[in-house]
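A quick write-up on the structure given underneath.
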Ligand code: AP5
């Protein structure tokens with residue numbers, strides 16, 4: 001099954017992608033994670049992306065389309081993937097359509113996670129992730145079961161993202177409304193859009209998404 005999780009920064013795309021990947025054996029493809037890895041590794045792509053990401057803008061379509069085209073070709077994506085943070089512009093969505101056709105694959109569904117803007121700053125400013133395996137946490141909404149120890153790999157090191165501050169969040173939100181929100185209409189018109197209430201508790205959102213996936217499997 002090939003899916004897109006769509007929503008503003010902090011909507012819970014990464015949280016739910018990790019959950020779905022663990023439950024269903026799908027591969028999470030987060031362009032944000034891939035770009036952060038490129039920045040950390042100091043690659044040419046990382047050098048081009050770093051300043052844009054820090055400012056809350058969008059990295060160029062060419063770069064992210066190239067990253068996704070290469071990644072979808074890897075054997076581990078054969079069973080299915082969850083796109084988290086891609087596409088983010090109409091040009092990226094059109095490129096994805098062409099890519100899937102060229103590989104005789106299809107998009108099964110797009111899940112829009114709807115969240116009030118007011119909740120996003122709280123979610124983003126309280127976010128952390130395991131430095132070793134990347135599992136996501138929140139200071140109040142998703143704490144590790146044992147304080148300071150990752151539930152997944154047992155690491156005791158956690159990181160916070162450079163772009164997770166109130167000023168950059170505002171810019172990322174503007175970029176979402178300007179460039180990404182038109183994708184809601186794009187996928188509605190294709191008949192593949194499903195909306196869940198991203199304001200519900202994390203486990204409840206997971207149940208809503210599972211309900212969508214069951215309806216897709218039965219269709
Ligand atoms: P990216 O890494 O994709 O960031 P984003 O879209 O801004 O989304 P986030 O990762 O901030 O949020 P999320 O929806 O995954 O929320 P999460 O699950 O972590 O992109 C970063 C940057 O890279 C971009 O700004 C851009 O510069 C560049 N980029 C990436 N892709 C690009 C592309 N395709 N084109 C161009 N540029 C690109 O949840 C947030 C917090 O809330 C967590 O702590 C979580 O525990 C908590 N939480 C989650 N769900 C709930 C809930 N239901 N209730 C309470 N708390 C919750």
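The values are calculated or read from the model by the stated rules, or taken from the named source; none is laboratory data. All values reported here derive from a predicted model rather than from experimental measurement. FYI the Cβ positions are ideal-geometry reconstructions off the backbone, even for glycines, and counts take in every protein chain you see.
A compact table of results
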quantity	calculated
In region 92-124, the residues that are over 17 Å from the mean Cα position of the chain (by Cα), near the ligand (Cβ under 10 Å from one of its atoms) and free of Cβ contacts under 8 Å to residues at least 60 places away in the same chain	122
Those residues of region 15-50 which are assigned to a helix (DSSP H, G or I), near the ligand (Cβ under 10 Å from one of its atoms) and surrounded by fewer than 22 Cβ atoms within 10 Å (Cβ to Cβ), in sequence order	18, 19, 32, 33, 34, 36, 39, 50
Every residue from region 107-124 that is touching a helix residue (DSSP H, G or I) at 6+ places or on another chain (Cβ under 7 Å) and either part of a helix (DSSP H, G or I) or modelled with pLDDT under 95 (or both)	117, 120, 121, 124
Out of 83, 107, sole residue that is buried (at least 20 other Cβ atoms within 10 Å of the Cβ) and in contact with a strand residue (DSSP E or B) (Cβ under 8 Å, 6 or more places away or on another chain)	83
Among the residues listed as 99, 90, 3, the single one being modelled with pLDDT of 95 or more and buried (at least 20 other Cβ atoms within 10 Å of the Cβ)	3
Any hit, region 162-185, residues being modelled with pLDDT under 95, within 12 Å of the ligand (Cβ to nearest atom) and touching a strand residue (DSSP E or B) at 6+ places or on another chain (Cβ under 9 Å)	yes
Residue 57, sole failed condition from (1) under 18 Å from the mean Cα position of the chain (by Cα); (2) within 15 Å of the ligand (Cβ to nearest atom); (3) surrounded by fewer than 18 Cβ atoms within 10 Å (Cβ to Cβ); (4) part of a helix (DSSP H, G or I)	(4)
In region 186-217, the residues that are within 13 Å of the ligand (Cβ to nearest atom), in contact with a strand residue (DSSP E or B) (Cβ under 7 Å, 6 or more places away or on another chain) and not in a helix (DSSP H, G or I)	196, 197, 198
